[in-house]
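Student: Shown below is the structure under consideration.
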Amino acid sequence: ILMIATKKVLDEKKVIGYRDELSLNDFKIANTYPYISNPFTDMYRTYGRKYKDAGFGEKFYHWLRTNSKEPYGSYGNGSAMRVGVIADYFDLDKVMEYSIASAATTHNHVDGIKGAVVISVICWMAKNGYTKDEILDYMKQFYSLETSRKYAMPHIKSFDYKGFSETMGMEVCQYTVPMAVFCFYNSNSFEDAINNGLTLIGDIDTICSITGAIAGSYYGIPDYIRKYTIKKINRMI
C-alpha cells in the first residue's frame, strides 16, 4: 500500500521543503527536522487511512489516528518496505534524498533511515548493471553479524542466508534488510527470490516485499505476475 503511495508522490512531482537554517540541536525523535514540508507525510496518512485493514504496525496505526505530522523515531522495517520504487525515478543522489524523506515521515531513527537508503540504493544498483556481489558488498558496509545479533537476532550463527533462515528475527531493518538481500543474492530468477523469502519464518510479507523490489529491479518481473498484480492494484485503488 505505501509503496503505491510513494509512487503517487513521485508521479505528482511533489517537492520536499527544507528549512533554511539547520542545527543538530533541533533534532528530536518527534521532530520534522530538516523538513518544512514532506510530501510523503500526507500521502502515507491518506493511503494508510483508506486501507486501514492492511496490517500496518501498531505505531503506524497510532500515527494514522492522530493529526500530527511528527514522526515517532521508529527503526521498524516499514521504512525499507516502501522505497524500492524511488530507483525508477532518479539518479543516485536523488534516490538517496527521497528515500530519506520517505523514511523520516515516521521512521526517523538512524536505523530506520539507513534501511530505507540501503534498499533504495540497492534497487538503483540492480537496475543499473551492478553485479550481485557488488550489491551484497554494498549491504555489508552497513550491516554485519554483530549488528544483527545486537538488534535483531541474538542467536544467529552466521551472516548469510543459512544463518538467517535458521531463526526468526524482529520486525526491524537490522534483520529484514540483510535477509532480503540474501534472499535475492541466493536466487536465479524473480520467482526464485520470492520463494527464498517464503521459506523463512517471521515477517514474511515484508521480507518478500523488499526482496521483490530488489529482484524486480535486477531480473525484471515476469509478465504473468505483473499482469496479475496490476489487475489487483487497479481493483484496489
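The values are calculated or read from the model by the stated rules, or taken from the named source; none is laboratory data. The structure presented is a predicted model; accordingly, all values stated were derived computationally and were not measured. Neighbour counts run over all protein chains shown; Cβ positions are idealised from the backbone, glycine included. Remember, those area values only see protein heavy atoms, side chains included, never the ligands or the DNA or RNA. Shrake-Rupley method; radii C 1.70, N 1.55, O 1.52, S 1.80 Å.
Student: Which of the residues spanning the stretch 120-147 are aliphatic (A, V, I, L, M), under 17 Å from the mean Cα position of the chain (by Cα) and over 18 Å from Phe190 (Cα atoms)? Walk me through how you get there before you give the answer.
Tutor: Restricting attention to the stretch 120-147, the residues satisfying the condition of being aliphatic (A, V, I, L, M) are 121-122, 125-126, 135-136, 139, 145.
In the following step, the residues that additionally are under 17 Å from the mean Cα position of the chain (by Cα) were identified as 121-122, 125-126, 135-136, 139.
Matches in the stretch 120-147: Val121, Met139.
Student: Considering only residues that are surrounded by 15 or more Cβ atoms within 10 Å (Cβ to Cβ) and free of Cβ contacts under 8 Å to residues at least 60 places away in the same chain, which ones fall in the stretch 56-68?
Tutor: Within the stretch 56-68, the first condition is being surrounded by 15 or more Cβ atoms within 10 Å (Cβ to Cβ), and the residues that meet it are 56-57, 59-60, 63-64.
Once the filter is applied, which keeps residues that are surrounded by 15 or more Cβ atoms within 10 Å (Cβ to Cβ) and free of Cβ contacts under 8 Å to residues at least 60 places away in the same chain, the stretch 56-68 yields Phe56, Lys59, Phe60, Trp63, Leu64.
Student: Can I ask one more? Which of the residues spanning the stretch 8-30 are assigned to a loop (DSSP other than H, G, I, E, B), hydrophobic (A, V, I, L, M, F, W, C) and in contact (Cβ under 8 Å) with a residue 12 or more places away in the chain?
Tutor: To start, the set of residues in the stretch 8-30 that are assigned to a loop (DSSP other than H, G, I, E, B) comprises 12-16, 19-23, 27-30.
If we keep only those that are hydrophobic (A, V, I, L, M, F, W, C) too, we end up with 15-16, 22, 27, 29-30.
Scanning the stretch 8-30 gives Val15, Ile16, Leu22, Ile29, Ala30.
Student: So Arg82 ticks every box in (1) charged (D, E, K, R); (2) open to solvent by 10 Å² or more (accessible area, probe 1.4 Å); (3) in contact (Cβ under 8 Å) with a residue 60 or more places away in the chain but one. Which box is left unticked?
Tutor: (2)
Student: A further question follows. Going by what's in this entry, would Ser79 be described as part of a helix (DSSP H, G or I), within 24 Å of Lys28 (Cβ to Cβ) and out of contact with any strand residue (DSSP E or B) (no Cβ under 8 Å at 6 or more places or on another chain)? Break it down stepwise before answering.
Tutor: Working: part of a helix (DSSP H, G or I): yes; within 24 Å of Lys28 (Cβ to Cβ): yes; out of contact with any strand residue (DSSP E or B) (no Cβ under 8 Å at 6 or more places or on another chain): yes.
Considered against the rule, which asks whether it is part of a helix (DSSP H, G or I), within 24 Å of Lys28 (Cβ to Cβ) and out of contact with any strand residue (DSSP E or B) (no Cβ under 8 Å at 6 or more places or on another chain), Ser79 comes out as yes.
Yes/no per residue for (1) surrounded by 17 or more Cβ atoms within 10 Å (Cβ to Cβ); (2) assigned to a helix (DSSP H, G or I):
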| site | (1), (2) |
| --- | --- |
| Thr6 | yes, yes |
| Thr32 | yes, no |
| Met43 | yes, yes |
| Ala54 | no, no |
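Student: State the number of residues belonging to the stretch 8-30 that are of a type outside the set (Val, Ile, Thr), open to solvent by less than 70 Å² (accessible area, probe 1.4 Å) and out of contact with any strand residue (DSSP E or B) (no Cβ under 8 Å at 6 or more places or on another chain).
Tutor: So the answer is 4.
Student: Could you tell me how many of the residues in the stretch 85-101 are within 20 Å of Asp42 (Cα to Cα) and without any contact (Cβ under 8 Å) to a residue 24 or more places away in the chain?
Tutor: Final tally of qualifying residues: 2.
Student: Here are some conditions: (1) surrounded by fewer than 24 Cβ atoms within 10 Å (Cβ to Cβ); (2) within 14 Å of the chain's Cα centre (by Cα); (3) closer than 22 Å to Met170 by Cα. Met96 meets all but one. Which one does it not meet?
Tutor: Only one criterion is unmet by Met96, namely (3).
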